[in-house]
Amino acid sequence: RHLWEPDEARYAYVAREMRETGEWAVMHRHGELYPDKPPVMFWLINVSSLLTGGTINSISTRLPSLLGAILSLWVTVSLLSRWRDEKTGWRAGLILATTYLFWKLGGMGQIDSLLCGLEMMAFYFLVTDSPRTVWRPALAYAFMGVAVITKGPVGLAVPLGAYAVAMAASGRKAELKRFHWLWGLLITAAFPAAWLSWAWLSGGPPEYFQNVVFGQTSKRVLEGTGHGGPFWYYLVHFPLEFMPWTLILPAALTALWRRKEDTVTRRFLLGWMLFVIVFFSIPTDKRQLYILFAYPPAAMLVALAWDDIRRLSPAWTRSTAGAVIGIMLVLGMAGIVLS
């Protein structure tokens with residue numbers, strides 16, 4: 001399909017203008033400064049155009065999102081394969097890939113799928129740093145640095161906050177007493193510092209830096225950008241966007257609650273998921289795609305409990321199966337009508 005307004009077309013325009021003007025550090029849109037987003041998405045669109053004959057089109061604009069989706073799926077499969085077994089890991093990957101919002105954003109020319117992939121890679125290297133090393137946390141903070149120049153400070157705050165809450169929720173607070181909290185932040189800061197220094201040397205005007213550093217963050221947190229919503233916004237939208245697996249999630253949580261062997265993993269995943277939802281519930285600005293980073297742990301919870309769901313009471317299995325069959329019938333009828 002063609003590029004959709006507003007985001008896909010706008011990002012394609014900015015990437016094309018970046019190439020035409022040769023200004024790779026200071027973005028423009030139709031000749032005017034564009035400080036709304038950092039540059040990584042636009043750099044990757046230009047790199048992707050090498051696969052489309054040098055043309056920035058509907059494919060090259062969406063390939064960075066596909067890259068982010070693949071990274072997220074790889075981390076999901078790898079983590080749960082470590083924590084349970086390979087079969088469960090691949091099941092989690094399949095569940096995540098068929099979740100509505102994840103599937104949709106993986107094929108959209110928007111930033112959030114790419115951001116989620118970078119955050120997942122950072123999360124992976126933090127979580128798997130056992131036995132303790134230096135290079136794994138260093139890689140984690142490097143991925144967070146790239147995430148920051150992909151979509152701003154959330155690229156640091158979200159994976160680091162989710163990691164801290166998940167570790168505390170799973171009873172591993174001692175693991176948080178690490179020196180990488182000090183030097184790791186310097187690695188992350190080096191990425192935006194390098195980009196902004198390049199932009200300054202390229203002749204970027206002062207108002208560009210003021211808007212990049214202060215304007216966008218404060219506007220999104222305090223004023224909003226036209227995507228406002230109440231505090232409970234995600235309590236409504238998360239179940240809708242996690243379909244069809246929302247129908248199985250209650251049974252999965254019930255089964256996991258009764259299974260003592262996975263208590264640590266369950267608490268870790270719940271802490272991770274709930275942190276993301278609560279974190280993005282606080283600002284004025286809200287969109288469904290902001291909490292994409294909460295979908296991998298939700299998919300892992302369903303996969304982790306899959307074999308135990310059938311051991312629940314007949315009432316649980318009947319109600320869950322009935323809900324799944326019912327929604328599939330509704331979707332099937334809707335497809336017939338729309339076709």
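The values are calculated or read from the model by the stated rules, or taken from the named source; none is laboratory data. Since the model is a prediction, treat every value here as computed from it, not as a measurement. For neighbour counting, all protein chains shown are included, and Cβ atoms are generated from backbone atoms with ideal geometry for every residue, glycine included. These area figures cover heavy atoms from the full protein model, side chains too; ligands, DNA and RNA do not enter into them. Shrake-Rupley method; radii C 1.70, N 1.55, O 1.52, S 1.80 Å.
Computed from phi, the 3J(HN,Hα) profile of the range 325-332 under the Karplus parametrisation 6.51, -1.76, 1.60 (θ = phi - 60°) reads 5, x, 5, 5, 5, 4, 5, x Hz, with x in place of Gly and Pro.
Between the beta carbons of LEU201 and TYR100, assuming R0 = 30 Å, the FRET efficiency works out to 0.10 to the nearest 0.05. The C-alpha atoms of the chain define a longest principal axis, and helix 86-97 lies at about 60 degrees to it.
Separation of the range 229-279 and the range 88-118, taken as the distance between their Cα centroids, equals 16 angstrom. Start at zero, step by 10 Å, and the Cα-Cα distances of the range 244-329 spread as 17, 42, 30, 11, 0 percent across the bins.
Normalising the average separation of contacting C-alpha pairs (under 8 angstrom, six or more residues apart) by the number of residues puts the relative contact order of the chain at 19 percent.
Across ALA193, ALA138, ALA69, mean-square fluctuation computed from a Gaussian network of the chain (C-alpha pairs under 10 Å connected) peaks at ALA193. Net charge in the neighbourhood of GLY93 (other residues with Cβ under 15 Å of its Cβ; Lys, Arg +1, Asp, Glu -1) is +2. In the chain, the longest principal axis of the Cα atoms and the axis of helix 154-169 are about 30 degrees apart.
Mean residue ellipticity at 222 nm, helices only, the chain: -21000 deg cm²/dmol; runs of at least 4 DSSP H residues each add -39,500 (n - 2.57), and the sum is divided by the number of residues.
Could you tell me which of the pairs LYS104/LYS286; LYS87/LYS260; LYS151/LYS286; LYS37/LYS286; LYS173/LYS260; LYS173/LYS286 are separated by over 23 angstrom between their Cα atoms in the structure shown? Among LYS104/LYS286; LYS87/LYS260; LYS151/LYS286; LYS37/LYS286; LYS173/LYS260; LYS173/LYS286, the Cα-Cα distance tops 23 Å for LYS173/LYS286. Amide H to amide H distances under 5 Å link GLY228 with LYS286, where only residues 5 or more positions off or on other chains count and H is placed in the peptide plane. About the centre of its Cα atoms, the chain shows a dipole size close to 1180 debye [charges on the beta carbon of Lys, Arg (+1) and Asp, Glu (-1) only; nearest 20 debye]. Compute, for PHE231, the solvent-accessible surface of its heavy atoms (probe 1.4 Å) with the complete set of protein chains present, and express it in square angstrom to the nearest 10. Roughly 130 Å² of PHE231 is accessible to a 1.4 Å probe.
When its C-alpha radius of gyration is set against 2.2 N^0.38 Å (N residues), the range 137-287 gives a value of 1.27. The fraction of all Cα pairs in the chain landing in successive 20 Å bins from 0 to the largest distance is 29, 57, 15, 0, given as whole percents.
The residues of the chain expose on average 48 square angstrom of accessible surface per residue, using a 1.4 Å probe on protein heavy atoms. Compared with the dominant principal axis of the Cα atoms in the chain, helix 180-201 is inclined by about 40°. Here the range 49-202 is treated with +1 on each Lys and Arg Cβ and -1 on each Asp and Glu Cβ, and its dipole about the Cα centre works out to around 340 debye. Put a dot 7 Å past the Cα of PHE231, heading toward its Cβ, do the same for ASP85, and the two dots end up 4.4 nm apart.
Placing a pseudo-label 7 Å from each Cα along the Cα-to-Cβ vector at VAL330 and LYS260 gives an inter-label distance of 4.0 nm. Restricting the calculation to Cα atoms, every distinct pair contributes to the Kirkwood radius of the range 279-339, found to be 14.9 Å.
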